[in-house]
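Remarks on the structure that follows.
The values are calculated or read from the model by the stated rules, or taken from the named source; none is laboratory data. Just so it is clear, the structure is predicted and the values come from calculations on it, not from any experiment. Using ideal geometry, Cβ is built from the backbone for each residue, glycine included, and neighbour counts are taken over all protein chains shown. Note: areas computed on protein heavy atoms with side chains; ligands, DNA, RNA excluded. Shrake-Rupley method; radii C 1.70, N 1.55, O 1.52, S 1.80 Å.
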Amino acid sequence: MAKTPNRGMDRFRGRTLIIATQHGKEEVIAPELFNSLGVNCKVVSGLNTDQFGTFSGEIKRKGTALEVAQKKAHAALALSEASLVVASEGSFGPHPYYSFIPGNEELLLFIDQENNLTLVARYLTTETNYAHQAITAMDQLKTFCEQMGFPEHGLILKANHPDKAPLIYKELRNEADLFAKSTTLLNKGYTLMAETDMRAMRNPTRMKAIHQATLRLVELLQSECPQCEAPGYAKTEAIEGLPCQLCGTPTRSAKAYVYACSSCRYQEERKREDKRHEEPMYCDVCNP
């Protein structure tokens, strides 16, 4: 099979890469991509990513996180002459494995039109301050502020009234302004809901997750297919059957992984090197 003309990171070095954001994500994405790929990272002016959905709810997200990231990426490319773009989309809600605690998944989409390459990196974490709280008194608001890390982490105040249009306040930067606005609204008969601001530039905890997703993307880009040398050679499937250390029965733990190339579809099975046996506590025979 023919080899990729531009090998390794040389296929990216010196090119312009657009980061499709209006919320400051370039702060953690750009340094990693510059250092690893040698690309010149830019943010294009005029890009409105809020049109694809807002965390505060004024505009509902239409489609999956990947579909929204694709929309952001193509909108950014349309505003530039670049052929490289990275778009990010975050999701928040009950953790898929621990439903009693909130989770944050960050998705990074990388598109290289010149080399017909598309890669997706994901990072899932329980480290998030995603939360909301109904407010009927200032002591509730004060407690919520302390728990959520305000003002370093932003808060959004939503106000509803039976006879008036709903109100949303996103740019309350200190407790004095937040408490004054909340008191006024409560006195006017509004019901209040305080929410954590999940926009990247107002949420340092989320920014850390985006940084980790960027590291995952870099790792993916640096992993080349042994067949065609395209980036993105990655683990795609786990094969169960790691034998129990005590009785030798195959367990549900992975004994091997399937690695596959998204470009030429080459794949291989690799046995685990970090672990040859599973602890009896994870064996359905020893610990039914």
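Once you've got the Cα coordinates, tell me which of Lys142/Lys208; Lys25/Lys62; Lys25/Lys271; Lys60/Lys235; Lys170/Lys235 are over 29 Å apart.
Too far apart for the 29 Å limit: Lys25/Lys271; Lys60/Lys235; Lys170/Lys235.
State to the nearest 20 debye the size of the charge dipole of the range 128-279 about its Cα centre, where the only charges are +1 on K and R beta carbons and -1 on D and E beta carbons.
240
Can you tell me the 0 to 90 degree angle between the C-alpha axis of helix 65-78 and the longest principal axis of the chain, rounded to 10?
In the chain, helix 65-78 runs at an angle near 90 degrees to the longest axis.
Once you have the Cα-Cα distance between Glu127 and Arg276, take 0.36 nm times their residue separation minus that, and quote the gain in nm to one decimal.
Working it through step by step, the gained length comes to 50.5 nm.
Using per-residue counts of other Cβ atoms within 10 Å, averaged over each peptide, order 56-68, 129-141, 216-228 from highest down.
Descending mean neighbour count gives 216-228, 129-141, 56-68.
If you roll a 1.4 Å probe over the range 164-288 with all protein chains in place, what percent of the accessible area is carbon or sulfur?
Answer for the range 164-288: carbon and sulfur cover 48 percent of the accessible area.
Return one number: the angle in degrees, 0 to 90 and rounded to the nearest 10, between the long axis of the Cα atoms of helix 26-37 and the longest principal axis of the Cα atoms of the chain.
That works out to roughly 20 degrees.
Expressed in whole Å with the largest first, what are the equivalent ellipsoid semi-axes of the range 154-204 derived from the C-alpha gyration tensor as the square root of 5 times each eigenvalue?
21, 13, 7
Select from Ala260, Met281, Tyr130 the residue farthest towards the positive end of the dipole of the chain; place +1 on Cβ of Lys and Arg, -1 on Cβ of Asp and Glu, and compute about the Cα centre.
Most positive-ward Cα: Ala260.
If you put +1 on each Lys and Arg Cβ and -1 on each Asp and Glu Cβ, how big is the dipole of the chain around its Cα centre, in Debye rounded to 20?
I would put it at about 400 debye.
To one decimal place, what Kirkwood hydrodynamic radius in Å is obtained for the range 33-125 from all pairs of distinct Cα atoms?
By the Kirkwood definition, the hydrodynamic radius is 14.6 Å.
Mind pulling the angle between the C-alpha long axis of helix 175-187 and the longest principal axis of the chain? Nearest 10 degrees, somewhere in 0 to 90.
The helix 175-187 is inclined about 60 degrees to the chain.
Which one, Asn48, Asn160, Leu37, projects farthest toward the positive side of the charge dipole computed for the chain from Cβ point charges (K/R +1, D/E -1)?
Asn48
May I ask for the Rg/Rh ratio of the chain, computed from Cα atoms with Rh as the Kirkwood radius, given to two decimals?
Ratio of gyration radius to Kirkwood radius for the chain: 1.07.
Ignoring everything except DSSP H segments at least 4 long, calculate the 222 nm mean residue ellipticity for the chain; use -39,500 (n - 2.57) per segment, divide by total residues, nearest 500.
Counting only the DSSP helices, I get -7500 deg cm²/dmol.
How large is log10 I(q)/I(0) at q = 0.10, 0.15, 0.26 Å⁻¹ when the Debye formula is applied to the Cα atoms of the range 82-164, each weighted equally and without solvent?
Debye output, listed in q order: -0.44, -0.76, -1.19.
Using all alpha carbons of the range 184-278, what is the percent of pairwise distances in each 5 Å bin, ordered from the shortest bin to the longest?
3, 11, 12, 10, 11, 11, 11, 9, 6, 4, 4, 4, 4, 1
By a straight-distance test (C-alpha under 13 Å), which aspartates and glutamates pair with Lys188 as possible cross-link partners, with residues fewer than eight away in the same chain excluded?
Correct list for Lys188: Asp163.
Rolling a 1.4 Å sphere over the protein heavy atoms, what is the accessible area per residue of the chain, to the nearest Å²?
53
In nm, to one decimal, how far is the modelled label at Asp163 from the one at Cys286, with both set 7 Å along Cα→Cβ?
7.1
How would Lys275, Lys208 line up by accessible area, probe 1.4 Å, largest first?
Order by accessible area, largest first: Lys208, Lys275.
Report the one residue of Leu17, Ala176, Pro151 whose Cα lies farthest in the direction of the positive end of the charge dipole of the chain (charges on C-beta: Lys and Arg +1, Asp and Glu -1; origin at the Cα centre).
Of the candidates, Leu17 comes out farthest on the positive side.
Using alpha-carbon positions, what is the distance between the centroids of the range 112-139 and the range 212-228, in Å?
Distance between centres, Cα-based: 21 Å.
Quick one: among Asp50, Asp112, Asp274, which has the greatest mean-square fluctuation in a GNM of the chain with alpha-carbon springs under 10 angstrom?
The residue with the greatest mean-square fluctuation here is Asp274.
Rounded to the nearest percent, how much of the accessible area of the range 9-135 (1.4 Å probe, protein heavy atoms only) is carbon and sulfur?
Roughly 48 percent of what the probe reaches on the range 9-135 is carbon or sulfur.
Please give me the summed charge of the neighbours of Arg202: other residues whose Cβ is under 11 Å from its Cβ, Lys and Arg +1, Asp and Glu -1.
+1
Dividing the Cα radius of gyration by the Kirkwood radius, what Rg/Rh value follows for the range 232-288?
On the way: Rg = 13.6 Å, Rh = 12.1 Å.
Rg/Rh for the range 232-288 comes to 1.13.
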